[in-house]
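Have a look at the structure below, then the notes.
The values are calculated or read from the model by the stated rules, or taken from the named source; none is laboratory data. Nothing here was measured: the structure is a model prediction, and the numbers come from that model. Neighbour counts run over all protein chains shown; Cβ positions are idealised from the backbone, glycine included.
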Amino acid sequence: MLKRYQILLATWQADYLKLVAEGFDESFSEAVRGAVCIAIMCMIPKMFPEYKSSFPVEKVKDMLEKTMRKGNQEEKHKSLSNLYFEARKASEYAIKKREQENKEK
């Protein structure tokens, strides 16, 4: 489920995300969601080294190059769905882990 938020971006951030959206033929919102998911996939292993993703950053890079740039819409949708799923798993792990740590304090 999507929630509506108002976020403020610096001009350079908005310009970059517009470039990404155009380059991958996606909406601005899709570019923002993708960028957030990629950030999650990069940060969770740094914050929680014990977390082992089945979709490491190297796979994300491959997916962006192979599918998002050159694939058809169905392949793009499947790849984005996979990215969203894996980022959600990672974020849910981090949230649960942090809640457990806070309870132990």
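Quickly run through the stretch 1-44 and pick out the residues that are surrounded by 15 or more Cβ atoms within 10 Å (Cβ to Cβ), more than 13 Å from the chain's Cα centre (by Cα) and in contact (Cβ under 8 Å) with a residue 40 or more places away in the chain.
Within the stretch 1-44, 24, 26 meet the criteria.
Return only the number of the condition from (1) assigned to a helix (DSSP H, G or I); (2) surrounded by 12 or more Cβ atoms within 10 Å (Cβ to Cβ); (3) not hydroxyl-bearing (Ser, Thr, Tyr) that residue 95 does not satisfy.
That leaves (2) as the condition not met.
Taking the condition of being at pLDDT below 95 and part of a loop (DSSP other than H, G, I, E, B), how many residues in the stretch 1-47 meet it?
11
Quick one: would you say residue 50 is in contact with a Gly (Cβ under 9 Å, 6 or more places away or on another chain) and charged (D, E, K, R)? Break it down stepwise before answering.
Values: in contact with a Gly (Cβ under 9 Å, 6 or more places away or on another chain): no; charged (D, E, K, R): yes.
Criteria not met by residue 50.
Testing residue 94 on (1) within 27 Å of residue 6 (Cα to Cα); (2) of a type in the set (A, V, I, L, M, F, W, C); (3) at pLDDT below 95; (4) out of contact with any Ser or Thr (no Cβ under 7 Å at 6 or more places or on another chain), one condition comes back false. Which one is that?
Unmet for residue 94, out of (1) within 27 Å of residue 6 (Cα to Cα); (2) of a type in the set (A, V, I, L, M, F, W, C); (3) at pLDDT below 95; (4) out of contact with any Ser or Thr (no Cβ under 7 Å at 6 or more places or on another chain): (3).
Would the stretch 76-91 turn up any residue that is basic (Lys, Arg), modelled with pLDDT of 95 or more and surrounded by fewer than 16 Cβ atoms within 10 Å (Cβ to Cβ)?
yes
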